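**Student:** Take a look at the following structure, please.
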Amino acid sequence: MEIPQIELKQISQKEELPFYELEKDLRTGKAVILKNSLRKIHPVAVGKRLRCKINVNLGVSGERINLKKEIKKLKAALEYGADTLMDLSLGRRAGEIRKALIKECFVPFGTVPIYSITQEKTAGLSRSKILDEIERQALEGVDFMTLHCGLRKKHLEYARRRICPIVSRGGAIIAEHISKTGRENPFYEYFEDILKIVKKYSITVSLGDGLRPGACADANDKAQYSELYELGKLRKKCLDYGVFAMIEGPGHVPINLIEENVKKAEEICDGAPLYFLGPLTTDRAAGRDHISAAIGASLAGFHGVSLLCAVTPSEHLGIPDINDIKEAAAVFKIAAESVNLAKGFNSEREKNKEISEARKSFDWEKQFSLALDGKTAKRKYKLLNKNKDKFCSMCGKDFCAMRKFSECAGVK
Ligand code: SF4
C-alpha cells in the first residue's frame, strides 16, 4: 500500500483529519484508499473518521443495452456528485461497457467481477476463470472490486429460513454454484490467490454481502451475521497481505435495527470502513425506494457507515434510466451531507451557516451556489416567482416571516 506523501497530504487536508491520524487509520485498515496504481485519478479515501461519501451504480443487464445512454448516466452521476461509481453490467457486452465507462470516469471505479465471469449462463466458476477475470479488470484500471467471498456452503441453510433467502446477484450465483457442485465458494477457496493479484495494483477489496437481508423481517438474522463473521476473518487476511478492504452491508433494515447492524459490523470487522446499500427502512416504498434508502443511509452513516451506495427510484422494478440516476445521486448527496454536518466537519458547518445567512438576506444567487443541487433550486425558484424579491411566493410579501422580523427588529 504505497501511497505518495503528496496525495496523503491532499487527502488529510480535504478530509480535515491530521496527517498522522490518517496514516494511522490507513495502517490499521480503518481507512482505505480507492485507486488502482495504473490509474491517473485523484485518490478517494473512505473511513469512519473521513467524510461520508456516495457511490452510484451503473451498468446494463442482458436485456437492455445502450452504451451511449450508459455514458450519459455516468456523466449525470458525476455531475450530481458521485464520489465513486460502480459498473454492474451483466451479459455478453459487459466487458465492452466496462472499458467504455472507465475511460470517462475520473473518480474511483468499482466492479463485481463475478458478473463478467458468469456472463454466459453455462460458465462455471473455475479458479483460472476467476483469477484471469480479476487480473484483466485490474489491468483495465478498476480501483475497487466487490468479491462475494464470505458466503460459505454452511450458510445456505440459514438463508432458506428467510422470507427472501438471497437477493444479492453475486450471492445467488455463488449459492447456485455451491448447490450444483456441492463444493465450497470458490472466491473463499482462492481468496489468497486473489489477494496476490489485487495487491499488485493497490486495488481495494470490497467484501460483498451475498446474504444481505432483502426484507425487513430478515434483517440482522443468523444468515447475515454468519456471513459477516466470515468477512471479519477475511478482512484480517487482507490486512496481513497489505490489501485495503471495505465491508459491504445491507439491504433492508428497519430503523430500530440499523444502529445494531452497523455496530456489529464495526465490532466484527475491527473498524474496517463500511459500505452499505441504503439500507431501505421499509419494504413498501417501491417507486420511491431511493427515499426509504436515503433515510436508512443517513442513520447508517451517522452510526458509522463510510460509503453509502445510492438506491434509485426504480429499485425492485427495473433498470434505472438517467433521471433515476440523477434523483438517486441527488438524494444520497443529501444523506451524506446530513451525516457530515452531524459529524462536525468545518466545511459543511460553514456552508450551512452561509446558506442560512444568504436566506436571511434574500441573496438568491448565493443560496443557489451553496445548495447541494443549485440548478434544481434555481429552476424551481424561477418557476414559482416573477422577480427576485425580498420574499417568495410561499408566504408572499406581507406574511414573509424573514422579512417581517428583519423589518420589525431592524435586522439587516
Ligand atoms: S416568503 Fe416565506 S418561504 Fe419565502 S423567503 Fe419569506 S419566509 Fe421564507
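No value in this document is a laboratory result; all are computed from the given coordinates. Model, not experiment: these values are computed from the prediction. All Cβ positions, glycine included, derive from the backbone under ideal geometry; neighbour counts span all protein chains shown.
**Student:** Work out the charge dipole of the stretch 179-312 with +1 on the Cβ of Lys and Arg and -1 on the Cβ of Asp and Glu about the Cα centre, then indicate which of Leu207, Phe191, Ser226 is farthest towards its positive end.
**Tutor:** About the Cα centre, the residue reaching furthest to the positive side is Phe191.
**Student:** Also: Rounding to the nearest 20 debye, state how big the charge dipole of the stretch 87-148 is about its Cα centre with +1 on each Lys and Arg Cβ and -1 on each Asp and Glu Cβ.
**Tutor:** 220
**Student:** While we're here: Quick query: amide H of Ile166 versus all other amide H atoms, modeled in the peptide plane; which residues come in under 5 Å with a sequence gap of 5 or more or a different chain?
**Tutor:** Hits under the 5 Å cutoff: none.
**Student:** Same structure, new question: Relative to the present Cα-Cα distance, how much length would full extension add between Glu407 and Ala217 at 0.36 nm per residue of separation? Present the calculation step by step, with values, prior to reporting the outcome.
**Tutor:** Working: separation 190, 0.36 × 190 = 68.40 nm, distance 5.41 nm.
Contour length minus Cα-Cα distance gives 63.0 nm.
**Student:** Same structure, new question: Per 0.36 nm of contour for each residue apart, how much would the distance between Arg161 and Ile6 grow if the chain were fully extended, relative to their Cα-Cα spacing? Could the numbers behind the result be given before it?
**Tutor:** Numbers: separation 155, 0.36 × 155 = 55.80 nm, distance 5.11 nm.
Length gained between Arg161 and Ile6: 50.7 nm.
**Student:** Related question: Taking the Cα centre of the chain as origin, work out the dipole magnitude from +1 charges on Lys and Arg Cβ and -1 charges on Asp and Glu Cβ, in debye rounded to 20. Please report the intermediate quantities before stating the final value.
**Tutor:** Values: 70 positive and 55 negative charges, 203 e Å.
I would put it at about 980 debye.
**Student:** Could you list log10 I(q)/I(0) for the stretch 81-213 at q = 0.09, 0.11, 0.13, 0.22 Å⁻¹, which the Debye formula gives when each Cα is one point scatterer?
**Tutor:** -0.26, -0.38, -0.53, -1.39
**Student:** For Ile54, which sequence-distant residues (separation of 5 or more, or a different chain) have an amide H within less than 5 Å of its own amide H, given hydrogens modelled in the peptide plane?
**Tutor:** Residues meeting the amide H criterion: Asp83, Thr84, Leu308.
**Student:** Among Leu274, His290, Ile255, flag the residue with its Cα farthest along the positive direction of the charge dipole of the stretch 251-337, charges on Cβ as +1 for Lys/Arg and -1 for Asp/Glu.
**Tutor:** Towards the positive end, the residue furthest out is His290.
**Student:** At q = 0.14, 0.18 Å⁻¹, what is the log10 ratio I(q)/I(0) for the stretch 137-259, with the Debye formula run over Cα points and no solvent?
**Tutor:** These q points yield log10 I(q)/I(0) values of -0.59, -0.92.
**Student:** Right, next: Using only alpha carbon positions, build the gyration tensor of the chain, then give the equivalent ellipsoid semi-axes as the square roots of 5 times its eigenvalues, largest first, whole angstrom.
**Tutor:** Values: eigenvalues 303, 106, 90 Å².
Largest first, the chain gives 39, 23, 21 Å.
**Student:** Compute the angle between helix 255-268 and the longest alpha-carbon principal axis of the chain, please, reported from 0 to 90 degrees and rounded to the nearest 10.
**Tutor:** Computed tilt is about 50 degrees.
**Student:** Going Cα to Cα from Lys68, which aspartates and glutamates come in below 14 Å? Please leave out same-chain ones fewer than 8 positions away.
**Tutor:** Hits, sequence-local ones excluded: Glu96, Glu104, Asp321.
**Student:** For the chain, calculate the relative contact order in percent as a whole number, restricting contacts to Cα pairs under 8 Å that are 6 or more residues apart. The partial results should precede the final answer.
**Tutor:** On the way: 783 pairs, mean separation 63.5, N = 412.
Taking the mean separation of contacting Cα pairs over the length of the chain, I get 15 percent.
**Student:** Just subtract the alpha-carbon distance of Lys263 and Ser37 from 0.36 nm times their residue separation and send over the number in nm, one decimal.
**Tutor:** Numbers: separation 226, 0.36 × 226 = 81.36 nm, distance 3.21 nm.
78.2 nm is the gain from fully extending Lys263 to Ser37.
**Student:** Putting +1 on Lys and Arg Cβ atoms and -1 on Asp and Glu Cβ atoms, find which of Ile325, Ser126, Pro108 reaches farthest to the positive end of the dipole of the chain.
**Tutor:** My answer, from the dipole projection, is Ile325.
**Student:** How many percent of Cα pairs in the stretch 217-362 exceed 27 Å? Each step should come with its number before you reach the end.
**Tutor:** Values: 3266 of 10585 pairs.
Considering the stretch 217-362, 31 percent of its Cα-Cα pairs are separated by more than 27 Å.
**Student:** Which of the residue pairs Lys30/Lys343; Lys9/Lys48; Lys333/Lys386 have a Cα-Cα distance greater than 20 Å in the structure shown? Write out the running numbers ahead of the final one.
**Tutor:** On the way: Lys30/Lys343 17 Å; Lys9/Lys48 18 Å; Lys333/Lys386 30 Å.
Correct reply: Lys333/Lys386.
**Student:** Something else about it: Dipole size in debye (nearest 20) for the stretch 347-409 around its Cα centre, Lys and Arg Cβ +1, Asp and Glu Cβ -1? All intermediate terms of the calculation are to be shown ahead of the outcome.
**Tutor:** Details: 17 positive and 10 negative charges, 54 e Å.
In total the dipole reaches around 260 debye.
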